[in-house]
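Colleague: The following block contains the structure, expressed as structure tokens.
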Amino acid sequence: MSYFTVNKKNQISPFQNTISYLGGSAIQTIVDNPITAYRQLVQQYAKNNKGENISPKQAVKEANRVFFKSPLQLSLSGLKPRMVGILFKRIPKFGILLSYDFMTGGNGEPGFGAATAASILSAPFINPIRMIEKQQRTSLKLEGKQKLITDIIKESAAKQYKPLFRGTMPLMGHSLASATLGLVGQPKLQKYIQTNLGEKTSLSRGASNLISSACVTPIYVFVTNPLSRLEVIMQTSSINKNNITLSQAIGELATDMKKFGVSGIFRGQGIGIVKGIISLTLFHEGRLFFTDSFKKYNGDDE
């Protein structure tokens, strides 16, 4: 069977499955961007302009001040690179994920081996996009306007593009948790809920999707929030300055936790859970919508 041949068990080809994943990702990215931008502000304001750690409550106040000053601009900040990232980030990740499943004789529903391979091998493609997103929001915070993507790339070019790969190690861990819990775990849980509760209670697929996302997301956020903080610390420092190493970023987290307790290291977790539930549900609903459309199309062809 080729990558374009319809799998009779799933009624769609691996290629159509990839397009479904990309379509779901596009829907998720557009809708959840305001929450993503706001959450980064909350995490980014761990320090004041003097470089001193501030309390999580004060960070939220600072984030709210910036947000309400220019809500539309902030809500759209980083959206362009995120949309471009669907090609540069999601095609490598989903391509590796589904190709691994295809080459190992899977049925179009990737397992944990595929998730691990995708998380590690796709990181070099994903990291530059995430770096650009964060640099745009950093300039919005400091200067009141987004820095052009071309300017960010030019600054990186002056340093042999090395700044674009800051935070790659935390990203790999973040991506692994995202793939195993969000791309593999959530669909398995959704099917279990649909099978065991749907038939007895007339629970719709959308409702079971939302419930499974709500179950998976707190675990996902708990695991990834510290990794997300490390990414923010390493990727929001000025490209023109020396990079913050992973050990230095971990040291900043340790200082934050020492000063403010557990809430210091888990800044933005509350909004992260809300974002995660919305994002994961939107992604899988979008993916299933495209999957169903392809199944109908293939059925009509027959």
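Colleague: Would you order Ile120, Ile152, Ile126 from fewest to most other beta-carbon atoms within 10 Å of each residue's own beta-carbon?
Modeller: Numbers: Ile120 14, Ile152 24, Ile126 21.
The fewest-first ordering by Cβ neighbours comes to Ile120, Ile126, Ile152.
Colleague: Between Ile219 and Tyr161, what FRET efficiency follows from the Cβ-Cβ distance if R0 is 41 Å, with the result rounded to 0.05?
Modeller: Rounded to the nearest 0.05, the efficiency is 0.70.
Colleague: Under the rule a/c < 1.5 gives rounded, and otherwise a/b versus b/c splits prolate from oblate, where does the range 54-96 land using the Cα gyration tensor?
Modeller: On the way: a/c = 6.47, a/b = 2.15, b/c = 3.01.
Note, shape of the range 54-96 comes out oblate.
Colleague: Here's something else I'd like to know. So what's the convex hull volume per residue for the Cα atoms of the range 14-290, in Å³?
Modeller: So the per-residue Cα hull volume is 132 Å³.
Colleague: Moving on to the next point. Rank by packing, highest mean first: peptides 207-213, 240-246, with packing defined as the count of other Cβ atoms within 10 Å averaged across residues.
Modeller: Details: 207-213: 20.6, 240-246: 12.6.
Ranking the peptides 207-213, 240-246 by packing returns 207-213, 240-246.
Colleague: For the chain, what does -39500 (n - 2.57) per DSSP helix run (n ≥ 4), summed and divided by total residues, give at 222 nm, in deg cm²/dmol to the nearest 500?
Modeller: Working: 14 runs with 212 residues, N = 302.
Calculated mean residue ellipticity at 222 nm is -23000 deg cm²/dmol.
Colleague: From the alpha carbon gyration tensor of the range 140-181, can you work out the equivalent ellipsoid semi-axes (sqrt of 5 times each eigenvalue) and give them in Å, largest to smallest? Walk me through the intermediate numbers first.
Modeller: Values: eigenvalues 141, 50, 12 Å².
Its equivalent ellipsoid spans semi-axes of 27, 16, 8 Å.
Colleague: While we're looking at this one, here's another question. If we count every other residue with Cβ under 9 angstrom of Gln235's Cβ, Lys/Arg +1 and Asp/Glu -1, where does the sum land?
Modeller: Every neighbour counted, the sum reads +1.
Colleague: Which helices, counted as full DSSP H runs in the chain, have an axial Cα extent of no less than 18 Å and a Kyte-Doolittle average of 0.5 or above? Write down the numbers at each step before the final one.
Modeller: Values: long enough: 14-44 (39 Å, -0.08); 56-69 (20 Å, -0.76); 123-143 (29 Å, -0.54); 205-235 (40 Å, 0.65); 246-260 (21 Å, 0.01); 269-301 (47 Å, -0.06).
Those that pass (Cα extent of 18 Å or more, hydropathy at least 0.5) are 205-235.
Colleague: Could you tell me how far the Cα centroid of the range 214-236 sits from the Cα centroid of the range 158-187, in Å?
Modeller: Cα centres, the range 158-187 to the range 214-236: 11 Å.
Colleague: In whole angstrom, how far apart do the alpha carbon centroids of the range 130-146 and the range 16-60 sit?
Modeller: The distance from the Cα centre of the range 130-146 to that of the range 16-60 comes to 12 Å.
Colleague: As an exercise, identify the chymotrypsin sites (Phe, Trp or Tyr not before Pro) in the range 93-155 lying in DSSP coil whose Cβ has no more than 13 other Cβ atoms within 10 Å.
Modeller: Numbers: sites: Phe94, Tyr100, Phe102, Phe112, Phe125; in loops: none.
Here no loop site has a sparse enough neighbourhood.
Colleague: Now for a separate question. What ranking do Lys47, Lys57 get, fewest neighbouring Cβ atoms within 10 angstrom at the top? Provide the component values of the computation, followed by the final result.
Modeller: Details: Lys47 15, Lys57 10.
So the residues, fewest neighbours to most, are Lys57, Lys47.
Colleague: Starting with the fewest neighbours, write out Tyr161, Tyr21 ranked by other beta-carbon atoms found within 10 Å of each beta-carbon. The partial results should precede the final answer.
Modeller: On the way: Tyr161 12, Tyr21 25.
Ascending number of Cβ neighbours within 10 Å: Tyr161, Tyr21.
Colleague: Moving on. Sequence gap at least 6, Cα distance under 8 Å: using those rules, report the relative contact order of the chain to the nearest whole percent.
Modeller: 26
Colleague: A further question on this structure: For the range 193-302, what is the convex hull volume of the alpha-carbon atoms per residue, in Å³?
Modeller: Numbers: hull volume 17.4 nm³, N = 110.
Enclosed volume per residue, from the Cα hull, is 158 Å³.
Colleague: Where the only charges are on Cβ atoms (+1 Lys, Arg; -1 Asp, Glu), what is the dipole of the range 26-80 about its Cα centre, to the nearest 20 debye?
Modeller: Numbers: 8 positive and 3 negative charges, 34 e Å.
That gives a dipole near 160 debye.
Rule-based calculations on the coordinates, nothing more; no lab input. All figures in this text were calculated on a predicted structure; none of them were measured in a lab. Glycine also receives a Cβ, built like all others from the backbone with ideal geometry; neighbour counts cover every protein chain displayed.
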